[in-house]
Amino acid sequence: MADGRKAAPQQPPAGGWGALNAVEQHLSKQQILLKGNRALLSMNKPGGFDCPSCAWPDPEKPHFAEYCENGAKAVAWEATKKRTGPDFSAANRVEDLKAWSDHELEAHGRLTHPMRYDAATDTYQPVDWSVALAEIGGTLRNLDPKRVEFYTSGRASNEAAFLWQLHGRLLGTNNFPDCSDMCHATTTVALPESIGIGKGTVTLEDWEHCDALFIIGQNPGTNSPRMMTYLHDMAKRGVPIVTFNPLKERALLRFTDPQSPVEMLTGRGQAISSNYFQLRTGGDIMAMQGICKAVIAADDAALASGGKRILDTAFLEEHTAGFGAFADFIRKLGWDEIEHYTALRREQLEQAADIYMKAERVIACWGMGITQHKHGGDALQQILNLLFLRGNIGRLGAGACPIRGHSNVQGDRTVGINKTPTEDFLSQLDAAFGFVSPREHGHDTAECCEAILRGDVDAFLALGGNFFRAIPDIERIAEKVPEIGLTVHIATKLNRSHLIHGKQAYILPALGRTELDLQQGVAQTVTVEDSFSMVHGSTGRLVPASEHCRSEPWIVANLAKATVADRASIDWDGLVGDYDRIRDKIEAVLPEQFRDYNIRIGKPGGFRLPNGASERRWATPTGKANFLFNPDLKDQNEDAPQRPHLQLMTLRSHDQFNTTIYSNNDRYRGISGDRMVVFMNEKDMAALEVSEGTVVDFAAVAADGIERRAGGFKVVAYDVPQGCCAAYYPETNGLLSLSHRDTRSNTPAAKSVPVVITRAQPAMSA
Ligand SMILES: Nc1nc2c(c(=O)[nH]1)N[C@H]1C(S)=C(S)[C@@H](COP(=O)(O)OP(=O)(O)OC[C@H]3O[C@@H](n4cnc5c(=O)[nH]c(N)nc54)[C@H](O)[C@@H]3O)O[C@H]1N2
Ligand SMILES: Nc1nc2c(c(=O)[nH]1)N[C@H]1C(S)=C(S)[C@@H](COP(=O)(O)OP(=O)(O)OC[C@H]3O[C@@H](n4cnc5c(=O)[nH]c(N)nc54)[C@H](O)[C@@H]3O)O[C@H]1N2
Ligand SMILES: [Mo]
């Protein structure tokens, strides 16, 4: 192709038989064919468990099989028959395990026993729960709480996360680094500036009524595949779907619904995106402003000719602030500039504007392609500006729709995982439990990493996740972790973070969400909040992986009991004996949001948390929805100290869930058996004198002057704009500089890493 983009190979649509085959293969690899299948049928249904994979909501009337290929993989991975028990850990030195791949570590199976690190043998050894808890509590209690970090990964339930923050605050800290700090924190922080709330405004009902959809920087075919059912139906109804993504993602091109017999038989599938705009990475600010420019120009023309107005002037007057200044700025923007920074043509953006103007009800969704940038917040505020122009918010079929990642990442924040809690929250918490919470702000993920680098952390505790693999700058930070006095990981599978440990180190095995959680003989339900602010119950059903696994609420409560029992009179056993009591406490602390919590989670589909913006109430300083823009900001990548060769996006393959690698395949991108690849434009390849299959090394170009390298990536010619390339996360995380991050929320700019690419040096012979 003239612009160096490799034409997409002739491949079948996404979904379809490929997806069904993948489900069967993943179940059988984990030796759970029948058991797994039965589990899958109770997933995302009232009375069943919530899918542990993504945060897409459950419909009120679920399909017979309300799950997707990647949800099935997540369940198979958790319900596996394989085990990582005491024999294994006693026989393998931690130093040796470091040579294992991420896939191998987790694929070995579920953790079955609490373990404690033994320095003499460099192994983890089984330890009784009571001993582990007493030892951890004994250490923690005597530390300066400002030097203790409580990390949360977004699979934790509301109940577990609520007890976790209570534990941290009883100890005396607001240090709550969260996986969301690497993810949608950009949304949580920048969206309130625009509309007064950090959450999306739409529900599934809106999705059913919208008549044009914009998908910006998100890959639903892999990361929220149940969204594909909606995209498929919309496309079939003729609803235009406008995609902005540098990379051609196959499921956004064509998708076969595995539940449609006709499509399965013909193999043709349904075209999904009506328009696919391959903008340059980080070009979203100007792309959105370009669309706004075309819309405002059309309205100016209508006004001049006495035609019907394009803008929703009533909405703009009653509900927004700052429109005048924004419109002036936009009118002066030059199309040359817009084309330069987006790598899109004016006609393309005018086409997008045309679709936007013809539609009565527009939803715009976004993911990591927007949030993981230096000015991610500014980019999403331009998406909001576009929505405001025609009043596309707070009415049926229209609104803002950030698509969250982990299945309960939004809920964990709601119940208090927050380094800057409001005074309201803290005073209610204090009243509910009879103590005084710390008021001083704590650390987010980036600040926690900085504290580790400075040597200012004495204990690091993680409720799930794989912190030391998911963060930027992993190599520099890993070097400092052995200086930390205590590391504790509550986990289901062994992962790299457990091998990068402190002096005193523990791994505590948790029940997974699919598993039966009996407390005092009664099956417990936990709750989660999805991307649409719906809260609903999840009840595990499978036999636990081991009799020594404990539920997360149990582990957290017992850890708290061993550490801070004397700080307030709290009936920890009572709370854990019946999770209704934990929910009563959540309701006491957040009465407006969780009114009648225990009653309302019984309703199919659950209940929706209050969301002012979706009713056109704006909790902003102006009391309005704000048009926000920075006139000096053109794109995300202007200030690299040296001209990088390319902007690297770090992304997910189809066979991974974050740092959990199910296999080395990426079916939709045509990759099999290898994760060490870099997707490049053919013109960039020619300029760098590399060809398909050449092995290359990356050197990152960071403002802090530190050299970061990663080597051994095989070049794959791909349909990406010139100047951009892509490789998988987490293999590239050593290239990310901790300081290269969203200016508001500190979210690492994982989608625009400036890199220089060179041919790999032949290995030196020893
Ligand atoms: N199966 C599976 N499901 C998952 C996950 C998983 O790893 N596996 N992870 C979960 C989590 S925690 C999250 S946060 C979500 C992540 O889900 P997504 O938000 O889809 O995340 P990514 O795959 O990292 O990247 C999203 C897309 O952004 C595009 N992109 C990159 N840079 C830019 C840019 O500058 N502009 C635009 N417009 N697009 C860009 C990429 O090409 C890619 O298609 O998925 C969740 N669900
Ligand atoms: N370069 C780059 N870096 C990124 C990203 C990127 O796009 N590019 N994405 C970022 C994003 S969006 C996110 S959300 C983070 C993810 O960061 P994390 O949330 O920290 O990482 P995960 O890989 O989701 O965590 C996997 C581990 O969770 C544990 N686990 C699984 N299920 C359970 C459970 O039910 N209970 C408990 N206690 N543990 C469980 C298992 O031990 C497993 O090994 O990574 C971020 N890092
Ligand atoms: Mo995420």
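The values are calculated or read from the model by the stated rules, or taken from the named source; none is laboratory data. The structure presented is a predicted model; accordingly, all values stated were derived computationally and were not measured. Glycine also receives a Cβ, built like all others from the backbone with ideal geometry; neighbour counts cover every protein chain displayed. Calculation scope for accessible area: heavy atoms of the full protein, side chains included, ligands and nucleic acids excluded. Shrake-Rupley method; radii C 1.70, N 1.55, O 1.52, S 1.80 Å.
A single member of T203, T187 is within 16 Å of ligand 3 (Cβ to nearest atom) and either within 15 Å of the chain's Cα centre (by Cα) or under 21 Å from G606 (Cβ atoms) (or both), and it is T187. Is it the case that some residue within the range 592-611 is open to solvent by 30 Å² or more (accessible area, probe 1.4 Å), modelled with pLDDT of 95 or more, under 24 Å from A343 (Cα atoms) and not assigned by TED's automatic domain parsing to the domain that holds G322? Within the range 592-611, not a single residue is open to solvent by 30 Å² or more (accessible area, probe 1.4 Å), modelled with pLDDT of 95 or more, under 24 Å from A343 (Cα atoms) and not assigned by TED's automatic domain parsing to the domain that holds G322. Inside the range 705-738, residues that are small (G, A, S), within 27 Å of H340 (Cβ to Cβ) and open to solvent by 20 Å² or more (accessible area, probe 1.4 Å) make up a count of 1. Can you find a residue in the range 724-741 that is modelled with pLDDT of 95 or more, of a type in the set (D, E), under 26 Å from F277 (Cβ atoms) and part of a loop (DSSP other than H, G, I, E, B)? Checked the range 724-741: no residue is modelled with pLDDT of 95 or more, of a type in the set (D, E), under 26 Å from F277 (Cβ atoms) and part of a loop (DSSP other than H, G, I, E, B).
Only helices (runs of 4 or more DSSP H) wholly contained in the range 137-209 count here; list those with 3 or more residues that are in the same structural domain as A491 (by TED's automatic domain parsing) and out of contact with any strand residue (DSSP E or B) (no Cβ under 9 Å at 6 or more places or on another chain). Correct list: 158-171. Apart from one condition, D573 fits all of (1) buried (at least 18 other Cβ atoms within 10 Å of the Cβ); (2) among the acidic types (D, E); (3) over 18 Å from N408 (Cα atoms); the exception is (1).
Of the residues making up the range 409-425, those that are free of Cβ contacts under 8 Å to residues at least 60 places away in the same chain and either over 20 Å from Y597 (Cβ atoms) or open to solvent by less than 20 Å² (accessible area, probe 1.4 Å) (or both) number 1.
Here's the yes/no breakdown for (1) without any contact (Cβ under 8 Å) to a residue 24 or more places away in the chain; (2) under 17 Å from Q636 (Cα atoms); (3) away from ligand 3 (no atom under 16 Å from the Cβ):
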{"site": "T694", "(1), (2), (3)": "no, no, yes"}
{"site": "F698", "(1), (2), (3)": "no, no, yes"}
{"site": "I706", "(1), (2), (3)": "no, no, yes"}
{"site": "V715", "(1), (2), (3)": "no, no, yes"}
{"site": "Y718", "(1), (2), (3)": "no, no, yes"}
{"site": "Q722", "(1), (2), (3)": "no, yes, yes"}
{"site": "C725", "(1), (2), (3)": "no, yes, yes"}
{"site": "T747", "(1), (2), (3)": "no, yes, no"}
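Got a sec? Which of T187, T201, T173 is within 15 Å of ligand 2 (Cβ to nearest atom), among the polar types (S, T, N, Q) and open to solvent by less than 10 Å² (accessible area, probe 1.4 Å)? Exactly one residue qualifies, and that residue is T187. If the condition is being outside any helix (DSSP H, G or I) and farther than 30 Å from R550 by Cβ, then the range 437-448 contributes R439, E440, H441. Taking G269 and the conditions (1) more than 19 Å from the chain's Cα centre (by Cα); (2) within 16 Å of ligand 3 (Cβ to nearest atom), which numbered condition does it fall short on, given that it satisfies the others? The one condition G269 does not meet is (2). Being small (G, A, S), assigned by TED's automatic domain parsing to the domain that holds R147 and farther than 30 Å from T121 by Cα: is that true of G502 here? Considered against the rule, which asks whether it is small (G, A, S), assigned by TED's automatic domain parsing to the domain that holds R147 and farther than 30 Å from T121 by Cα, G502 comes out as no.
Looking at the range 338-360, can you tell me whether even one residue there is more than 15 Å from N275 (Cα to Cα) and within 16 Å of ligand 3 (Cβ to nearest atom)? Checked against the condition, which is being more than 15 Å from N275 (Cα to Cα) and within 16 Å of ligand 3 (Cβ to nearest atom), the range 338-360 yields no hits at all.
Matching residues to (1) hydrophobic (A, V, I, L, M, F, W, C); (2) over 23 Å from V556 (Cα atoms):
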position	(1), (2)
D456	no, yes
G485	no, no
S497	no, no
A505	yes, no
L508	yes, no
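Filtering the range 388-407 to residues that are at positive phi and in contact with a strand residue (DSSP E or B) (Cβ under 8 Å, 6 or more places away or on another chain) leaves G397, G399. Residues of the range 285-314 that are open to solvent by 10 Å² or more (accessible area, probe 1.4 Å) and of a type in the set (D, E): D300, D312.
Evaluate the range 395-404: report whether one residue or more is open to solvent by 40 Å² or more (accessible area, probe 1.4 Å) and more than 16 Å from ligand 3 (Cβ to nearest atom). The answer is yes; a qualifying residue exists.
Of everything in the range 260-312, what is part of a helix (DSSP H, G or I), in contact with a Gly (Cβ under 9 Å, 6 or more places away or on another chain) and not charged (D, E, K, R)? Give them in sequence order. Across the range 260-312, the qualifying residues are M264, A301.
Only residues that are away from ligand 3 (no atom under 16 Å from the Cβ), more than 12 Å from D211 (Cα to Cα), open to solvent by less than 30 Å² (accessible area, probe 1.4 Å) and not basic (K, R) were counted in the range 226-265, giving 16.
Of all the residues in the range 184-198, those that are more than 16 Å from ligand 1 (Cβ to nearest atom) and of a type outside the set (S, T, N, Q) number 5.
Results for (1) touching a helix residue (DSSP H, G or I) at 6+ places or on another chain (Cβ under 9 Å); (2) of a type outside the set (S, T, N, Q), shown as yes or no for each residue.
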{"position": "G154", "(1), (2)": "yes, yes"}
{"position": "E159", "(1), (2)": "yes, yes"}
{"position": "G168", "(1), (2)": "yes, yes"}
{"position": "G172", "(1), (2)": "yes, yes"}
{"position": "T186", "(1), (2)": "yes, no"}
{"position": "I195", "(1), (2)": "yes, yes"}
{"position": "D206", "(1), (2)": "yes, yes"}
{"position": "C210", "(1), (2)": "yes, yes"}
{"position": "A235", "(1), (2)": "no, yes"}
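F629 meets the stated requirement of being touching a helix residue (DSSP H, G or I) at 6+ places or on another chain (Cβ under 8 Å), under 30 Å from S224 (Cβ atoms) and open to solvent by 40 Å² or more (accessible area, probe 1.4 Å).
Within the range 648-661, the set of residues being closer than 17 Å to A107 by Cα, open to solvent by 10 Å² or more (accessible area, probe 1.4 Å) and not polar (S, T, N, Q) comprises D655, F657.
To keep it simple, each residue is scored yes or no on (1) open to solvent by 10 Å² or more (accessible area, probe 1.4 Å); (2) within 16 Å of ligand 2 (Cβ to nearest atom); (3) in contact (Cβ under 8 Å) with a residue 60 or more places away in the chain.
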position	(1), (2), (3)
R331	yes, no, no
A343	yes, no, yes
L349	no, no, yes
M368	yes, yes, yes
Q372	yes, yes, yes
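Pick from the range 671-687 the residues that are within 16 Å of ligand 2 (Cβ to nearest atom) and of a type in the set (A, V, I, L, M): which of them is surrounded by the most Cβ atoms within 10 Å (Cβ to Cβ)? Across the range 671-687, the extreme among qualifying residues is V678.
Considering the range 94-135, and only residues there that are touching a strand residue (DSSP E or B) at 6+ places or on another chain (Cβ under 6 Å) and in a helix (DSSP H, G or I), the residue that is most open to solvent (accessible area, probe 1.4 Å) turns out to be H103. Counting only strands (runs of 3 or more DSSP E) wholly contained in the range 449-518, the ones carrying 1 or more residues that are open to solvent by less than 10 Å² (accessible area, probe 1.4 Å), under 26 Å from A76 (Cα atoms) and in contact with a Gly (Cβ under 7 Å, 6 or more places away or on another chain) occupy 486-491.
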